[in-house]
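Here's the structure, in structure tokens; my notes come after.
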Amino acid sequence: MKIFAPKETDPAETRASLDPAAVKKLVSLGAEVIIESCIGEHCDHPDLAYTAAGATITTDRSGALGSADLITRVRKPSLDEISLLKAGAIHISFLDPFNQMDLITRFAGQKVSAISLEMIPRTTLAQKMDAISSQANLSGYVAVIVAANSMNTIFPMMMTPAGTISPTKVFVLGIGVAGLQAIATAKRLGARVTAFDVRPEALEQAESLGAKALRVDLGETGATDQGYAKELTPEQLEKQIKAQAKVCAQSDIVITTAKVFGRKPPILIKKDVVDSMQYGSVIVDLAAENGGNVEGIISGKETVTANGVKLIGLANFEGRVSKHATQVLAANFSNMIEHFWDKEAAVFKINPADEILKGCLITHDGAIVHERFKS
Ligand code: NAD
């Protein structure tokens, strides 16, 4: 089976879908791995490292796309590049499927089996291929480092002969994978951390990391069978926004990570709350790429409000630690391929009835097969 990993085309993307370690694993399975030249230029993997691991390097992107049996890539492809793929090929990447009906339709028309990394079930069996988690974990870390770099103060409390420096106060909003890592990183640096999530079990996890949980009685909040939070009612949202306003005003750093699966992230920090924060404080919005949790945030940009609050909405936070982000993402890819590898035939075998594939296989055999996108 011929596996091709093209170079990412989005200028903001620094990660690669495969690293040399993943190539080595795939070659040991019996796959032929082809890598587009310079795929690892932004994550410290030269072409030579890929060839040493057993890959072939190509500069013929279109030719390789047209002949590959399986394509791995980080970001979704363009419609034009889908047209180059051969019928029966398998394509694995982030797809943003809820917002990409054109792409899904084109995959089906081209008879390509498209697997969406976002849709991999959050189950124990699929954990090793859970790219959302592997990347969110790093983005939570980066959010704190970016915030720390933007502050003119330090994180830990220091008692010195010249007086006491108070610890930085960090508020983490949304305690999923990214939020938990943000809490752990801020605590390690010595900050005083408060955290909030609509899922009560997440508050307990935050407390176990040494954060103070903000408890707000919102009534029944609920979660999906995958453990995702459900969208709040407008009344619940209003109550939450009011309850957390004081914590925001007293915080030096606010990190927002709140997402609702398949929907736009909720706006949780409105302009009046931003205006109430101290001069020099920082808000990092990890949901910015999809619209953000903060009123006025701009994806891919750092802005400063009239009252001196820095709003950081940089996109692709995990891409700032591209070598490690690539390491774990490439491991997700190679784990998935290994999991579905038919040793005798040396191919990735698709069984649409498989529990994991039922969750993440969007198109197959010329049709949209995923329940959520069929209609
Ligand atoms: P996510 O990125 O979709 O959302 C981030 C957080 O935002 C979540 O904790 C969510 O509860 C929270 N949120 C939503 N609306 C909010 C609001 N109004 N205010 C504050 N917070 C709000 O979540 P994620 O990090 O991808 O994790 C989703 C779930 O999946 C979690 O329960 C997590 O524990 C679970 N999970 C399971 C596995 C596994 O079993 N293999 C792996 C990873 C994650």
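Here, each number is a calculation from the coordinates, and none is a lab measurement. Small disclaimer: the values here were computed from a predicted structure and weren't measured. All Cβ positions, even for glycine, are placed from backbone atoms using ideal geometry, and neighbour counts span all protein chains on display.
Of note:
- Stretch gain in nm, segment LYS374-ASP96, where the contour uses 0.36 nm per residue and the Cα spacing is subtracted: 98.5 nm
- Efficiency of FRET between SER37 and ALA346 - r from beta-carbon atoms, R0 25 angstrom, step 0.05: 0.45
- Label point at ASP225 placed 7 Å out along Cα→Cβ; residues across region 110-150 whose backbone nitrogen lies under 11 Å: none
- Linear extension gain, ALA353 paired with MET158, 0.36 nm per residue minus alpha-carbon span: 64.4 nm
- When GluC sites (Glu not before Pro) are flagged only if DSSP places them in a loop and at most 11 other Cβ atoms lie within 10 Å, the longest unflagged stretch of the chain comes out as 1-219.
- Loop-located chymotrypsin sites (Phe, Trp or Tyr not before Pro) in region 27-115 (DSSP state other than H, G, I, E, B) with a sparse environment of at most 14 neighbouring Cβ atoms within 10 Å are absent.
- Only Cα pairs under 8 Å and 6+ residues apart enter the sum, and on that basis the relative contact order of region 139-320 stands at 19 percent.
- Region 139-320: Rg to Rh, with Rh as the Kirkwood radius over Cα pairs: 0.95
- Net length gained if the chain between LYS242 and ASP272 were fully extended (0.36 nm per residue, minus Cα distance): 9.7 nm
- Set LYS169/LYS230; LYS2/LYS25; LYS86/LYS128 screened for pairs whose C-alpha atoms are more than 23 Å apart: LYS169/LYS230; LYS86/LYS128
- Sorted peptide list for 325-333, 361-369, criterion being average Cβ within 10 angstrom, highest first: 325-333, 361-369
- Highest-first arrangement of 156-163, 137-144, where packing means the average Cβ count within 10 Å: 137-144, 156-163
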